[in-house]
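J.: Please find one structure pasted underneath; my questions will follow.
The values are calculated or read from the model by the stated rules, or taken from the named source; none is laboratory data. Model, not experiment: these values are computed from the prediction. Because the Cβ atoms are built from the backbone with ideal geometry, glycine has one as well, and the counts that use them run over all protein chains shown. Ligands, DNA and RNA are stripped out before the accessible areas are found, and what is left, the full protein with its side chains, is counted by its heavy atoms. Shrake-Rupley method; radii C 1.70, N 1.55, O 1.52, S 1.80 Å.
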Amino acid sequence: MGAGAISLILTLVSGLCWTIVYIEGIRLGFREKTYAMPLWALALNFFWEIFNSILGYAEVGFDAQVVINIVWAICDVFLVVTFFRYGYRYAKKYLSFKSFIFGSLLVFAVAAVVEYAFIMEFGLAHGRAYAAFLQNLLMSVLFIKMFIDRRGDEGQSLIIAVGKWIGTLAPTILFGLIGGGGLPGPNTFLLIVGLLCSLFDIVYILLAAGKLEIFARSQ
């Protein structure tokens with residue numbers, strides 16, 4: 001099997017797994033009246049997918065990754081809706097509704113600037129890869145934090161946990177070891193960040209599966 005075929009397979013595996021994560025997050029969000037993706041991760045993903053859908057299409061047209069990015073961006077719209085529809089109930093103890101909206105919009109604005117800065121500084125191929133892996137590591141940690149803050153799997157599931165892990169492991173192999181998407185391989189930085197993602201993702205899987213007890217027992 002040639003490098004091109006392996007690259008396409010890993011791209012499709014990542015695309016499918018992350019699409020499942022998004023669909024499951026949307027389903028749980030509306031069913032449980034909550035949001036399934038932490039705010040910073042949601043905002044960064046939203047603009048990563050918008051920018052890379054537009055700029056990726058302008059550069060190469062409709063290839064597999066561009067189509068996947070567009071599907072993810074559409075899913076993100078529904079995840080954003082769940083956040084703004086149900087997110088305030090988690091903040092109303094210490095924020096007014098106006099403060100919640102302003103603060104959330106500020107996060108989205110910062111995320112847009114950061115994503116744009118990555119592309120402008122490193123170029124499309126390197127910028128999207130570095131941004132994707134770093135925000136993925138942040139997301140891995142934030143999912144665990146959300147589990148702790150909610151003291152359980154509200155708005156979360158094993159499907160999300162496993163899908164996120166495999167969906168990130170595939171591009172870790174692709175970009176960290178083989179090379180693809182305009183990046184030569186191996187890439188030590190992306191490999192290390194991707195493996196760190198896997199470390200936290202496995203912890204999150206254990207939490208979602210009820211195999212890791214982290215909460216103090218009530219006295």
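J.: Given the protein chains as shown and a 1.4 Å probe, how many square angstrom of Arg31 are accessible, to the nearest 10?
T.: So the heavy atoms of Arg31 present about 150 Å² to solvent.
J.: Quick one: ranking Lys92, Lys145 by accessible area, 1.4 Å probe, largest first, what do you get?
T.: Sorted by accessible area, descending: Lys92, Lys145.
J.: Kindly rank 115-125, 2-12 from highest to lowest mean number of other beta carbons found within 10 Å of each residue.
T.: Listed from highest to lowest mean packing, they are 115-125, 2-12.
J.: With the other protein chains left in place, how much accessible area per residue, in square angstrom, belongs to the stretch 128-219 at a 1.4 angstrom probe?
T.: Heavy-atom SASA per residue in the stretch 128-219 reads 48 Å².
J.: Right, something else. Taking a cut-off of 20 Å between Cα atoms, list the lysines near Lys145, but don't count ones fewer than 8 places away on the same chain.
T.: Straight-distance partners of Lys145: Lys33, Lys92, Lys93, Lys164, Lys211.
J.: If the convex hull of the alpha-carbon atoms of the stretch 1-86 is projected onto planes in all directions, what is the mean projected area in square nanometres?
T.: Across all orientations, the stretch 1-86 yields a mean hull projection of 5.8 nm².
J.: What 222 nm value per residue comes from the helices of the chain, counting each DSSP H run with n ≥ 4 as -39,500 (n - 2.57) and dividing by all residues, nearest 500 deg cm²/dmol? Show your work: numbers first, answer last.
T.: Working: 7 runs with 169 residues, N = 219.
Roughly -27000 deg cm²/dmol at 222 nm, from the helical runs in the chain.
J.: For Thr188, tell me the accessible area in Å² from a 1.4 Å probe, rounded to the nearest 10.
T.: The value for Thr188 is about 100 Å².
J.: Note down the nm distance, to one decimal, between modelled labels 7 Å out along Cα→Cβ at Val141 and at Val81.
T.: Going by the 7 Å Cα→Cβ label model, 3.2 nm.
J.: Now a separate question. With a length cut of 27 Å (Cα positions projected on each helix's long axis) and a Kyte-Doolittle mean of at least 0.0, go through the chain and give me the DSSP H helices that pass.
T.: Answer set is 3-32, 39-60, 64-86, 97-149, 188-208.
J.: Sort Phe46, Phe102, Phe108 by accessible area with a 1.4 Å probe, largest first.
T.: Phe102, Phe46, Phe108
J.: Specify whether the C-alpha gyration tensor of the stretch 26-68 places it in the rounded, prolate or oblate class, a ≥ b ≥ c being the square roots of the eigenvalues: rounded for a/c under 1.5, otherwise prolate if a/b is larger than b/c and oblate if not.
T.: prolate
J.: Please report the accessible area of Glu213 (heavy atoms, 1.4 Å probe, ligands and nucleic acids excluded) in Å², nearest 10.
T.: For Glu213, the solvent-accessible surface is approximately 120 Å².
J.: Report the Cα centroid-to-centroid distance between the stretch 142-162 and the stretch 193-213 in angstrom, as an integer.
T.: If we compute the Cα centre of each part, the gap is 10 Å.
J.: If Lys and Arg each add +1 and Asp and Glu each add -1, what is the summed charge of the other residues whose beta carbon sits under 15 Å from the beta carbon of Phe215?
T.: Neighbour charge sum, excluding Phe215 itself: +1.
J.: Charges on Cβ only, +1 for Lys and Arg, -1 for Asp and Glu, centred on the Cα centroid of the stretch 93-182; of Ile159, Ile178, Gly123, which one is farthest towards the dipole's positive end?
T.: The residue sitting most towards the positive pole is Ile159.
J.: Further question on the same structure: When the solvent-accessible surface of protein heavy atoms is calculated with a 1.4 angstrom probe, in what order do Val67, Val107 fall, highest first?
T.: Greatest to least solvent exposure: Val67, Val107.
J.: Taking all pairs of different Cα atoms in the chain, averaging 1/r and flipping that mean, what Kirkwood radius in angstroms comes out? The partial results should precede the final answer.
T.: Numbers: mean 1/r = 0.0559 Å⁻¹.
Kirkwood hydrodynamic radius for the chain: 17.9 Å.
J.: Using 7 Å Cα-to-Cβ label points, what is the Leu196/Ser96 separation (nm, one decimal)?
T.: Reported label-point gap for Leu196 and Ser96 is 3.9 nm.
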